[in-house]
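Heads up, the thing below is written out as structure tokens.
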Amino acid sequence: MIRLALLLGGCAAEATPSGLAASTFALEPGRALQHAPIDDPASEATRWLVGVGDTWELRAGESADGELIEALDVSLSGDLAVEGAIVLPASVSVGAAAGDAVVRDVGPFDGWYGTFDPAAVVEVTAGRAAGEWVFAPGFGPIRYALDGASWELVSYDGQPP
């Protein structure tokens, strides 16, 4: 019995981390992520999210220097909020909730760009940000929803995390 408990304890130590801080998953200043509509990864209608201080610039075009569509206000004082809507609770673990955001999963996530592990899958239930958001450490949002449309990472600009 003791041997079984030790083996099980060893497995638990390898489990996906939980309780990570939202800041671990935030888009860092200087990083640019290119997203395409979730149902069309080859679309030419891509958008860039560019971290600039306390904002994420939403840009159109072939590069992160494209036309500015909108500057989204971002707050990271515990919870991660975009335009006042919480999109990631302060402590990232399955079931954690804040505002209209609930963490549904923390673990491997297979996206168009590859597998991210760990990734935080969050469901936002109301507002402009309603939909599924997926965050990866060192990247930020690899999938996001805004104004009824969903976008997923297809490329990034800047240094790899």
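Table for the structure above
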| quantity | calculated |
| --- | --- |
| Within the stretch 135-160, tally of residues that are closer than 20 Å to Ala64 by Cβ and in contact with a helix residue (DSSP H, G or I) (Cβ under 9 Å, 6 or more places away or on another chain) | 6 |
| Residues of the stretch 87-108 that turn out to be buried (at least 18 other Cβ atoms within 10 Å of the Cβ) and within 15 Å of Thr24 (Cβ to Cβ), as a count | 7 |
| The stretch 135-156, subset in contact with a Lys or Arg (Cβ under 8 Å, 6 or more places away or on another chain) and assigned to a strand (DSSP E or B), residue surrounded by the fewest Cβ atoms within 10 Å (Cβ to Cβ) | Ser150 |
| Residue check for Trp112: part of a strand (DSSP E or B) and under 16 Å from the mean Cα position of the chain (by Cα) | no |
| Residue within the stretch 1-15 that is part of a loop (DSSP other than H, G, I, E, B), of a type outside the set (A, V, I, L, M, F, W, C) and modelled with pLDDT of 90 or more present | no |
| Glu44 vs. criteria part of a strand (DSSP E or B) and surrounded by fewer than 19 Cβ atoms within 10 Å (Cβ to Cβ) | no |
| Given (1) part of a strand (DSSP E or B); (2) in contact with a helix residue (DSSP H, G or I) (Cβ under 9 Å, 6 or more places away or on another chain), number of the condition Glu132 does not satisfy | (2) |
| The one condition in (1) closer than 19 Å to Val52 by Cβ; (2) under 12 Å from the mean Cα position of the chain (by Cα) that Val92 fails to fulfil | (1) |
| Failed item in (1) more than 22 Å from Asp39 (Cα to Cα); (2) modelled with pLDDT of 95 or more; (3) not basic (Lys, Arg); (4) not in a strand (DSSP E or B), with Ala126 passing the rest | (1) |
| Set Ser23, Ser43: member being at negative phi, modelled with pLDDT of 90 or more and not aliphatic (A, V, I, L, M) | Ser23 |
| Leu80 buried (at least 19 other Cβ atoms within 10 Å of the Cβ) and either within 19 Å of Gly138 (Cβ to Cβ) or polar (S, T, N, Q) (or both) | yes |
| Residue match in the stretch 91-98 (condition: among the β-branched types (Val, Ile, Thr) and touching a Lys or Arg at 6+ places or on another chain (Cβ under 8 Å)) | yes |
| Filtered residues of the stretch 41-57 (kept if of a type outside the set (D, E, K, R) and either without any contact (Cβ under 8 Å) to a residue 24 or more places away in the chain or out of contact with any Leu (no Cβ under 9 Å at 6 or more places or on another chain) (or both)) | Pro41, Ala42, Ser43, Ala45, Thr46, Val50, Val52, Gly53, Thr55 |
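The values are calculated or read from the model by the stated rules, or taken from the named source; none is laboratory data. In this text, all values refer to a predicted model and were calculated from it rather than measured experimentally. Cβ sites come from the backbone with ideal geometry, for glycine too, and all protein chains shown count toward neighbours.
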